[in-house]
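What follows is one structure encoded as structure tokens, with my remarks underneath.
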Amino acid sequence: MPALASGERKALARRRRQLMQAAGDGAILILPAAPVRVRSHDTHYPYRQDSDVLYLTGCEEPDAVLVLVPGRKHGEAILFCRERDPEREGWDGPRLGTQGAIDVLGLDDAYPIDDIDDILPGLLEGRRQVHYHLGRDAEFDLKLIGWINRVRAQARHGAQPPQEFLELGHLLDEMRLFKTADEIRHLQRAADISVEAHRAAMRAVRPGMHEYALQAELEYVFRRHGAQPAYASIVGGGVNACVLHYIENDAPLRAGELVLIDAGAEYRGYAADITRSFPVDGHFNKAQRALHDLVCAAQAAALAQARPGLPYEAGHDAAVATLVDGLLSLGILRGDAQALIAGGAHKRYTRHKTGHWLGLDVHDVGEYRIDGASRLLEPGMVFTLEPGLYIPADDASVASKWRGIGIRIEDDVLITRDGHRVLTGALERSADEVEGLMAG
């Protein structure tokens, strides 16, 4: 991998220092890289580094373990990694090697990954607490327990094994929730690429196309800009839009129906997440437009709650209230709005929450509730707002014109000091805007 810019190295070192300060001098923090995953027989899925390791090191290689040892005189940030190997590099490409971990990534120290069994027990000795994602990687769990047991076996000779396991996420997830200026730049770039890709799909769609062909138009734009899909792209035409995680993407697209695309680019590890629903033939019919307008109104109501000091859940509550009022006015729901919300009757058509944190993971880390209450929004938080309506094709309780319509509208939002910024705000959203883009 190319050398990191000076600013990037400093940012990574700053994150490591912040994490070690939070853990304290008696701690050791252990973060293994993501394993290589077999796709079929002897082929593998494209490698994607563990987000925590990426966040703290910038290392994109497998077979690595980051160990942070606060207060260690010979270097606090240690990477166990693969050694340089000309034979293997001829097959798989260049490796960092131990010296590269220091020169390229700016780690304090590095050792060959094959030496970890000999070295890590010594690093564990004398540390009171082990911060680690226990249960995430069962194979590595067993290795770590084995290293600790080796230290325990020497207790009669004065060795001091760790006394406590602590979930690493309690410290690291909270750090990752608040994005720095550099992270926001990467998120904005991912958003900009995704906006261009969604526009390309809206311009390319034609009746008779298959969903996978539309997916190709979208993902071509990702790759052309050095990005990749942040998750499996959802391209659902007609009733397929009512399947929340539809990824088959193999059906033909028909005139008179809508197509829902939920897709985002990943750039430098950071994800965008956009959804738009638009007509295959370029024009919404009256029923489609009514529901689309309602979802747009729900998103606007949620967005009005996106400012510092307000509860995270206020956006969801505002969206649900708007959707229920709209469904009542359209005759799809009947009864009292407050009673319908309290009883959850609306969930037949509004089937998910209105958003999630966004960052290195498309469903990023971070607590949504603190001490039982919705946490308050703060500057630097990034999340999606994605209200949706899904009317089952077999719902005989509603008029036939509504059946089989699925609509979701999703954008990425940054909380700022005085309000918010919609990172994906450049993408056409209203029915008139969408039709205008498709006509152009």
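Taking a temperature of 4 °C and a viscosity of 1.567 mPa s, what whole-number D in µm²/s does Stokes-Einstein yield for the chain with Rh from Kirkwood over alpha carbon pairs? Write down the numbers at each step before the final one.
Values: Rh = 24.0 Å.
So the translational diffusion coefficient is about 54 µm²/s.
Quick check: residue separation of ALA399 and TYR368 times 0.36 nm, minus the Cα distance between them. What number comes out in nm? Could the numbers behind the result be given before it?
Values: separation 31, 0.36 × 31 = 11.16 nm, distance 3.75 nm.
The span from ALA399 to TYR368 would gain 7.4 nm if fully extended.
Pick out, in residue order, every one of the trypsin sites (Lys or Arg not before Pro) in segment 401-440 that is DSSP loop and has at most 14 other C-beta atoms within 10 Å; say none if there are none. Kindly include the intermediate steps, with their values, before the conclusion.
Numbers: sites: LYS401, ARG403, ARG408, ARG417, ARG421, ARG429; in loops: ARG403, ARG417, ARG429.
Here the sparse-neighbourhood loop sites are ARG417.
Using Cα-Cα distances under 8 Å and only pairs 6 or more residues apart, what relative contact order does the chain have, in percent?
Details: 879 pairs, mean separation 56.6, N = 440.
In percent, rounded to a whole number, it is 13.
So, R0 is 51 Å and r is the distance between the beta-carbons of ASP432 and ALA153; what FRET efficiency does that work out to, to 0.05? Please list the in-between numbers first.
Values: r = 72 Å, r/R0 = 1.42.
With R0 = 51 Å, the Cβ-Cβ based efficiency is 0.10.
Quickly work out the PHE165-to-TYR231 label distance, labels modelled 7 Å from Cα along the C-beta direction, and quote it in nm with one decimal.
For the pair TYR231/PHE165, the computed spacing is 2.9 nm.
What relative contact order, as a whole-number percentage, does segment 182-244 give when Cα pairs under 8 Å and 6 or more residues apart are counted? Display every interim value, and only then the final one.
Values: 37 pairs, mean separation 19.4, N = 63.
In percent, rounded to a whole number, it is 31.
To the nearest 0.05, what FRET efficiency results for HIS44 and ALA204 with a Förster distance of 22 Å applied to their C-beta separation?
Numbers: r = 31 Å, r/R0 = 1.43.
Efficiency at R0 = 22 Å is approximately 0.10.
What percentage of the solvent-accessible surface of segment 343-419, computed with a 1.4 Å probe over protein heavy atoms, is contributed by carbon and sulfur atoms? Present the calculation step by step, with values, prior to reporting the outcome.
On the way: 1580 of 3200 Å².
For segment 343-419, the apolar C and S fraction of the accessible surface comes to 49 percent.
Please check which bits of segment 415-440 a label hung off ARG289 would reach, taking the label as a point 7 Å along Cα-to-C-beta and the cut-off as backbone N under 16 Å.
429-439
If you line up the long axis of helix 286-303 against the longest principal axis of the chain, both from Cα atoms, how many degrees apart are they, to the nearest 10?
40 degrees
Assuming R0 = 30 Å, what is the FRET efficiency of GLU248 and TRP91, from their Cβ-Cβ distance, to the nearest 0.05? All intermediate terms of the calculation are to be shown ahead of the outcome.
On the way: r = 34 Å, r/R0 = 1.14.
Once rounded, the FRET efficiency stands at 0.30.
So what's the angle, to the nearest 10 degrees on a 0 to 90 scale, between helix 138-152 and the longest Cα principal axis of the chain?
Tilt of helix 138-152: around 30 degrees.
Placing +1 at every Lys and Arg Cβ and -1 at every Asp and Glu Cβ, with all other atoms neutral, what dipole size does the chain have around its Cα centre, in debye to the nearest 20? Present the calculation step by step, with values, prior to reporting the outcome.
Numbers: 50 positive and 64 negative charges, 141 e Å.
I would put it at about 680 debye.
Per residue, how much accessible area does segment 223-379 have with a 1.4 Å probe, in Å²?
Details: 6650 Å² over 157 residues.
That works out to 42 Å² per residue.
Roughly to the nearest percent, how much of the accessible area of segment 25-95 is carbon and sulfur, given a 1.4 Å probe? Walk me through the numbers on the way to the answer.
Numbers: 1750 of 3690 Å².
It is 47 percent, rounded to a whole number.
Find the relative contact order for segment 325-440 and round it to a whole percent, using C-alpha pairs within less than 8 Å whose residues are 6+ positions apart. All intermediate terms of the calculation are to be shown ahead of the outcome.
Details: 142 pairs, mean separation 23.1, N = 116.
Contact order relative to length: 20 percent.
The values are calculated or read from the model by the stated rules, or taken from the named source; none is laboratory data. This one's a predicted model, so the numbers in the text were calculated from it and none came from an experiment. Cβ coordinates were reconstructed from backbone atoms using ideal geometry, including for glycine residues, and neighbour counts include every protein chain displayed. The protein model used for the area step is the full one, side chains on, heavy atoms only, and it has no ligands, DNA or RNA in it. Shrake-Rupley method; radii C 1.70, N 1.55, O 1.52, S 1.80 Å.
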